Amino acid sequence: MSADPNCIFCKIIEKKTPASVVHEDEHAIAFEDVNPQAPVHTLIVPKKHIPDIHSITVADRELVGHLFFVARKIAAQKGLEKNGYRMVINNGPGAGQTVLHIHLHLLSGRAFHWPPG
Ligand code: AMP
């Protein structure tokens, strides 16, 4: 799937929109959420434009696993292991997805409740 010209995350990947990037490699980019919901709120995003979880194909399995690997690396860099962190994927508007380009939310630095809101 090529870049979507209307997708804000594709624009960040293409450096057409600025972002506070904390990690970038061939397959993924991670940047700070512009509207943080916790003291740590980082988004891990594949460079491939995949709109939602249901659009993932068998060929994307390694890429999706890579997102977790990047999240783990950022969590280690930010020293989050001790107090824990939450990783969230909102899928579909009913679950709160507002950007149709899959991403992991990495959240930490405050208490989190369960069940989630
Ligand atoms: P979701 O609602 O799960 O689709 O998450 C989308 C997230 O992207 C939200 O937490 C937004 O605050 C965040 N977001 C939207 N635009 C930007 C941007 N330009 N830079 C950084 N984060 C953004």
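At a temperature of 37 °C and a viscosity of 0.692 mPa s, determine how fast the chain diffuses translationally according to Stokes-Einstein, using the Kirkwood radius over alpha-carbon pairs as Rh; express D in µm²/s, rounded to the nearest whole number.
My calculation gives 224 µm²/s for D.
Between 0 and 90 degrees, rounded to the nearest ten: what's the tilt of helix 61-77 against the longest Cα principal axis of the chain?
The angle comes out near 40 degrees.
In nanometres, what is the gap between the two model label sites at Glu32 and Thr17, each 7 Å from Cα along Cα-to-Cβ?
With each label placed 7 Å out from Cα toward Cβ, I get 1.8 nm.
Over the chain, calculate the relative contact order: mean separation of alpha carbon pairs under 8 Å at least 6 apart, over the residue count, as a percent. Numbers along the way, then the final one.
On the way: 164 pairs, mean separation 34.3, N = 117.
Worked out over the chain, it gives 29 percent.
In Å², what does the accessible area per residue of the chain work out to with a 1.4 Å probe? Mind dumping the intermediate values first?
Working: 7090 Å² over 117 residues.
Value returned for the chain: 61 Å² of accessible area per residue.
Calculated from DSSP H runs of 4 or more alone, at -39500 (n - 2.57) each and per residue, what is the 222 nm mean residue ellipticity of the chain, nearest 500? The partial results should precede the final answer.
On the way: 2 runs with 23 residues, N = 117.
Taken over the chain, the calculation gives -6000 deg cm²/dmol.
Which value in nm describes the separation of the simple spin-label points at Ala3 and Ala95, placed 7 Å from the Cα toward the beta carbon?
Calculated label separation equals 2.7 nm.
The values are calculated or read from the model by the stated rules, or taken from the named source; none is laboratory data. Keep in mind the model is a prediction, meaning the values are calculated, not measured. For neighbour counting, all protein chains shown are included, and Cβ atoms are generated from backbone atoms with ideal geometry for every residue, glycine included. For the accessible areas, the whole protein counts, side chains as well, though only heavy atoms, and no ligand, DNA or RNA atoms are used. Shrake-Rupley method; radii C 1.70, N 1.55, O 1.52, S 1.80 Å.
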